[in-house]
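*Asks:* Below you'll find the structure I mean.
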Amino acid sequence: MTKLVENAAGRLVPTEINGHPAVPFQGVGRYRPQGRKAAPPIRSCADYPADGDKTAPDLKTALQRAGLRDGMTIGSHHHLRNGDLVVNQVFRAAAELGVRDLRWVPSAAFPCHAPLIELLESGVIHHIEGSMNGPLGDYCSQGRMRGMGVLRSHGGRWQAIQDGEVHIDIAVIAAPTADPFGNATGDRGPTACGLLGFALADSMYADHVIVVTDNLVPFPCVPWQIQGNNVDQVVVMDRIGDASKIVSGTTEITKSPDRLLIAELTARFCDEAGIIRDGFSFQAGAGGTALSFALFLRDIMRERRIKARFVRGGSTQYLVDMLEEGLTDYILDGQTFDLAGVRSMRENPGHVNTSPFTSYNWHGKGNFASLLDAVVLGATEVDVDFNANVVTHSDGRLLHGIGGWMNCLAGRCTILPIPSFRDRIPVLVDRVTTLCGPGELIDVVVTERGIAVNPLRQDLLGKLRGSSLPLRDIRDLKAEVEEIVGGPPAPPELGEKVVAAIKWVDGTVIDGVREVKG
């Protein structure tokens, strides 16, 4: 049984993860790293073709040449989201080579990766360290994965690779366009997905880097988001993905009257709190409510002739429209959520390619997240102390990844626009099932029944004095919802086994996910 210790957030967390010591969460901003950054092996041009042609005949050969063997760590990125066709082929090739016990460290896994459950069962893959959306998360929740899952934020993944906490032996980078030297970009080609920022750390720190493309162009591939000087081999496949599935169903405006009300209240809150002003900045996610918020915000900006300095993406059609209308100087983009974003990144100089290093890495000399005036995010649960959960449902099942959610909490005002209940299950609870965001970093919760401002933000409450907004105590909101649905939600039936660890932005363990019974 894994030894547990209570961390600074009052959560019992493992002291060891997959055989390695783990540091419990010590409080926001309390943990200080030591030492120097990790580094890949030094290479020589003498070992690479002088004509710059690094192409390998196929993926299996490339993996063999990379020295794939039992127990290695494979890195991959998720810019193709649910349209990715590369990762499953990587692990099928590993299976054909007879390799076992691989650790997979994706920036995120999606339902399209469900076939890998078979390879987890057969022993080819030992465990996954990365955000697990859908079937793989459910598989982990059942306690069927041999190792402990580890969920990190986008910035946390960069931090872990940079700090040497995770060493990637072989990185496989799906690139919509590349040249034989390995220069690669995501903003063009038949499977264009926008940018490749989540693969940047892999390209810089992995021992061996394989670029896989379905659009090989003559040298040079311009612009290059991945530098060929960091790439060992290039593999050409018929098709690396389905670019239309990078949309993944989350980038549509909500049609729910309640959700539209929540979005409108969020925009009004930003206005009355003085956040919306010339030169401000914000980040909103790709969910229906967040997108609707962006439209209400746009209308206020148009009416007042207000221009933002920058908007952080995940870019969508709606942010692109704001850029092209002149309502913001820049989109600083981490990933393109739809094809309009892909097109804009290619065509608009103000649509700028960023990476988790620039935007989110906590172990750096600052990052962009703390420069944001407002961040608008989702949550599966929020408790009366404003702690928030973004990975598990009320039944305890692990079904969502962290993404950049944790990193965005460094913004100046964190707003969670959420329905007060889903499928008659309250979202406001006494204690969140899984802690992902400490309450001291959650400033405002907006529901269809009212707006709760964290009492720690007396500055915001002062600005809203006399406001017509429906300001409520979060405990009153929770009580009202429970009266409607007949009481608080039933606690999840969980076992003792910790099946996944949730890493905070500094690499410490903020919580553990327990096995779901039944």
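The values are calculated or read from the model by the stated rules, or taken from the named source; none is laboratory data. Computed from a prediction, not measured in an experiment: that's the story for all the values here. For neighbour counting, all protein chains shown are included, and Cβ atoms are generated from backbone atoms with ideal geometry for every residue, glycine included. The protein model used for the area step is the full one, side chains on, heavy atoms only, and it has no ligands, DNA or RNA in it. Shrake-Rupley method; radii C 1.70, N 1.55, O 1.52, S 1.80 Å.
*Asks:* Among the residues of the stretch 196-240, which ones are farther than 23 Å from Gly341 by Cα, open to solvent by 50 Å² or more (accessible area, probe 1.4 Å) and part of a strand (DSSP E or B)?
*Replies:* Val236, the sole residue that qualifies.
*Asks:* Still on this model: In this structure, is Ser256 closer than 22 Å to Gly314 by Cβ, hydroxyl-bearing (Ser, Thr, Tyr) and modelled with pLDDT under 95?
*Replies:* On the way: closer than 22 Å to Gly314 by Cβ: yes; hydroxyl-bearing (Ser, Thr, Tyr): yes; modelled with pLDDT under 95: yes.
In short, yes.
*Asks:* So the check is Cβ under 8 Å with 6+ separation or different chains; which pairs have a first residue in the stretch 44-58 that's over 15 Å from Asn183 (Cα atoms) and a second one that's assigned to a loop (DSSP other than H, G, I, E, B)?
*Replies:* Hits for this filter: zero, empty list.
*Asks:* Within the stretch 343-368, count every residue that is surrounded by 24 or more Cβ atoms within 10 Å (Cβ to Cβ) and either under 18 Å from the mean Cα position of the chain (by Cα) or in contact (Cβ under 8 Å) with a residue 40 or more places away in the chain (or both).
*Replies:* 5
*Asks:* Only residues that are at pLDDT below 95 and touching a strand residue (DSSP E or B) at 6+ places or on another chain (Cβ under 6 Å): list them for the stretch 305-321, please.
*Replies:* Across the stretch 305-321, the qualifying residues are Arg312, Gly313, Gly314, Ser315, Leu319.
*Asks:* If you take the residues of the stretch 1-37 that are assigned to a loop (DSSP other than H, G, I, E, B) and among the hydrophobic types (A, V, I, L, M, F, W, C), which of them is surrounded by the most Cβ atoms within 10 Å (Cβ to Cβ)? I'd like the intermediate steps shown before the answer.
*Replies:* First pass over the stretch 1-37, keeping only residues assigned to a loop (DSSP other than H, G, I, E, B): 1-3, 7-11, 15, 18-19, 22-23, 25-37.
Add one more test, that the residue is among the hydrophobic types (A, V, I, L, M, F, W, C), and what stays is 1, 8-9, 22-23, 25, 28.
Working: Met1: 6, Ala8: 16, Ala9: 20, Ala22: 21, Val23: 17, Phe25: 24, Val28: 18.
Residue satisfying both the conditions and the ranking: Phe25.
*Asks:* Taking the stretch 92-124 only, how many residues are within 26 Å of the chain's Cα centre (by Cα) and free of Cβ contacts under 8 Å to residues at least 12 places away in the same chain?
*Replies:* The qualifying residues number 1.
*Asks:* Sticking with this one: When residues of the stretch 122-151 are filtered for being outside any helix (DSSP H, G or I) and either within 18 Å of Arg81 (Cβ to Cβ) or acidic (Asp, Glu) (or both), how many remain? Break it down stepwise before answering.
*Replies:* Taking the stretch 122-151 and keeping what is outside any helix (DSSP H, G or I), we get 123-134, 142-151.
Among the residues that remain, those that are also either within 18 Å of Arg81 (Cβ to Cβ) or acidic (Asp, Glu) (or both) are: 128-134, 151.
Of the residues in that region, 8 qualify.
*Asks:* A follow-up question, please. List the helices (runs of 4 or more DSSP H) that sit entirely inside the stretch 405-511 and contain at least 1 residues that are open to solvent by less than 10 Å² (accessible area, probe 1.4 Å) and closer than 30 Å to Pro14 by Cβ.
*Replies:* Filter on the stretch 405-511 gives 405-408.
*Asks:* Something else now. Looking at the stretch 305-321 only, could you name the residues that are of a type in the set (A, V, I, L, M) and outside any helix (DSSP H, G or I)? So that I can check it myself, show each step before the final result.
*Replies:* Residues of the stretch 305-321 of a type in the set (A, V, I, L, M): 306, 308, 311, 319-320.
The answer is Ile306, Ala308, Val311.
*Asks:* Filter the stretch 38-58 down to residues that are open to solvent by 20 Å² or more (accessible area, probe 1.4 Å) and not in a loop (DSSP other than H, G, I, E, B), then give me how many there are.
*Replies:* Of the residues in that region, 4 qualify.
*Asks:* Can Glu482 be described as on the phi < 0 side of the Ramachandran plot and under 28 Å from the mean Cα position of the chain (by Cα)? Steps first, answer last, please.
*Replies:* Numbers: on the phi < 0 side of the Ramachandran plot: yes; under 28 Å from the mean Cα position of the chain (by Cα): no.
In short, no.
*Asks:* Sort out which residues of the stretch 498-518 are among the basic types (Lys, Arg) and either under 15 Å from Asn7 (Cα atoms) or modelled with pLDDT of 95 or more (or both), and write them in order of number.
*Replies:* Start the filter on the stretch 498-518 by keeping residues that are among the basic types (Lys, Arg), which leaves 503, 514, 517.
Lys503, Arg514 - these are the residues of the stretch 498-518 that are among the basic types (Lys, Arg) and either under 15 Å from Asn7 (Cα atoms) or modelled with pLDDT of 95 or more (or both).
*Asks:* Another one. Which one of these does Phe91 not meet: (1) under 18 Å from Ile210 (Cβ atoms); (2) open to solvent by 10 Å² or more (accessible area, probe 1.4 Å)?
*Replies:* For Phe91, the exception is condition (2).
*Asks:* Here is a follow-up. I need a count of the residues in the stretch 61-103 that are in a strand (DSSP E or B), of a type outside the set (D, E, K, R) and closer than 17 Å to Ser122 by Cβ.
*Replies:* Taking the stretch 61-103 first, the residues in a strand (DSSP E or B) are 73-76, 84, 102-103.
Retained after the next criterion (residues that are of a type outside the set (D, E, K, R)): 73-76, 102.
Subset that is closer than 17 Å to Ser122 by Cβ: 74, 102.
Qualifying residue count for the region: 2.
*Asks:* Now for a separate question. Answer yes or no as to whether Pro190 is open to solvent by 10 Å² or more (accessible area, probe 1.4 Å) and either part of a strand (DSSP E or B) or modelled with pLDDT under 95 (or both). Reasoning before the result, please.
*Replies:* Values: open to solvent by 10 Å² or more (accessible area, probe 1.4 Å): yes; either part of a strand (DSSP E or B) or modelled with pLDDT under 95 (or both): yes.
The answer is yes for Pro190.
*Asks:* Could you check, for the stretch 104-115, whether at least one of its residues is touching a Lys or Arg at 6+ places or on another chain (Cβ under 7 Å), open to solvent by 50 Å² or more (accessible area, probe 1.4 Å) and either farther than 28 Å from Gly364 by Cβ or assigned to a loop (DSSP other than H, G, I, E, B) (or both)?
*Replies:* Applying the first criterion (touching a Lys or Arg at 6+ places or on another chain (Cβ under 7 Å)) to the stretch 104-115 yields 107, 110.
Pick out the ones that are also open to solvent by 50 Å² or more (accessible area, probe 1.4 Å) and you get none.
No, because not a single residue in the stretch 104-115 is touching a Lys or Arg at 6+ places or on another chain (Cβ under 7 Å), open to solvent by 50 Å² or more (accessible area, probe 1.4 Å) and either farther than 28 Å from Gly364 by Cβ or assigned to a loop (DSSP other than H, G, I, E, B) (or both).
*Asks:* Let me ask something else. Taking the residues in the stretch 322-341 that are part of a helix (DSSP H, G or I) and at pLDDT 95 or above as candidates, determine which candidate is most open to solvent (accessible area, probe 1.4 Å). Before the answer, list the steps.
*Replies:* Narrowing the stretch 322-341 to residues part of a helix (DSSP H, G or I): 322-324, 339-341.
Subsequent filtering for residues that are at pLDDT 95 or above retains 322-324.
Values: Met322: 3, Leu323: 23, Glu324: 92 Å².
Checking each candidate, the answer is Glu324.
*Asks:* Out of all the residues in the stretch 142-159, which are surrounded by fewer than 24 Cβ atoms within 10 Å (Cβ to Cβ) and either in contact (Cβ under 8 Å) with a residue 40 or more places away in the chain or within 19 Å of the chain's Cα centre (by Cα) (or both)? Steps first, please.
*Replies:* Our first condition is that a residue be surrounded by fewer than 24 Cβ atoms within 10 Å (Cβ to Cβ); within the stretch 142-159, this holds for 142-148.
Once the filter is applied, which keeps residues that are surrounded by fewer than 24 Cβ atoms within 10 Å (Cβ to Cβ) and either in contact (Cβ under 8 Å) with a residue 40 or more places away in the chain or within 19 Å of the chain's Cα centre (by Cα) (or both), the stretch 142-159 yields Gln142, Gly143, Met145, Gly147, Met148.
*Asks:* Of Arg268, Arg277, Arg302, Arg298, which residue is outside any helix (DSSP H, G or I), open to solvent by 20 Å² or more (accessible area, probe 1.4 Å) and modelled with pLDDT of 95 or more? Spell out the reasoning first.
*Replies:* Values: Arg268 fails: outside any helix (DSSP H, G or I); Arg302 fails: outside any helix (DSSP H, G or I); Arg298 fails: outside any helix (DSSP H, G or I).
Answer to the selection: Arg277.
*Asks:* Still on this structure, I have one more. Go through (1) under 24 Å from Asp258 (Cα atoms); (2) open to solvent by 10 Å² or more (accessible area, probe 1.4 Å); (3) of a type outside the set (Phe, Trp, Tyr); (4) touching a helix residue (DSSP H, G or I) at 6+ places or on another chain (Cβ under 9 Å) for Ser394 and report which single condition fails.
*Replies:* If we test Ser394 against (1) under 24 Å from Asp258 (Cα atoms); (2) open to solvent by 10 Å² or more (accessible area, probe 1.4 Å); (3) of a type outside the set (Phe, Trp, Tyr); (4) touching a helix residue (DSSP H, G or I) at 6+ places or on another chain (Cβ under 9 Å), just (4) comes out false.
*Asks:* Return the residues of the stretch 329-366 that are closer than 24 Å to Leu409 by Cβ, among the hydrophobic types (A, V, I, L, M, F, W, C) and out of contact with any strand residue (DSSP E or B) (no Cβ under 8 Å at 6 or more places or on another chain); say none if nothing qualifies. Even if it seems obvious, please write down each step before you answer.
*Replies:* At the first step, the residues of the stretch 329-366 found to be closer than 24 Å to Leu409 by Cβ are 330-337, 341, 352-366.
Now narrow it down to the ones that are among the hydrophobic types (A, V, I, L, M, F, W, C): 331-332, 337, 352, 357, 362.
Correct list: Phe357, Trp362.
*Asks:* Would you check which residues across the stretch 24-38 are touching a residue at least 60 places away in the same chain (Cβ under 8 Å) and within 17 Å of Ile161 (Cβ to Cβ) and list them?
*Replies:* Correct list: Pro33, Gly35, Lys37, Ala38.
*Asks:* Additional query: State yes or no: is Val311 under 20 Å from Ala267 (Cα atoms), touching a Phe, Trp or Tyr at 6+ places or on another chain (Cβ under 7 Å), without any contact (Cβ under 8 Å) to a residue 40 or more places away in the chain and buried (at least 21 other Cβ atoms within 10 Å of the Cβ)? Even if it seems obvious, please write down each step before you answer.
*Replies:* Numbers: under 20 Å from Ala267 (Cα atoms): yes; touching a Phe, Trp or Tyr at 6+ places or on another chain (Cβ under 7 Å): yes; without any contact (Cβ under 8 Å) to a residue 40 or more places away in the chain: yes; buried (at least 21 other Cβ atoms within 10 Å of the Cβ): yes.
Answer is yes for this residue.
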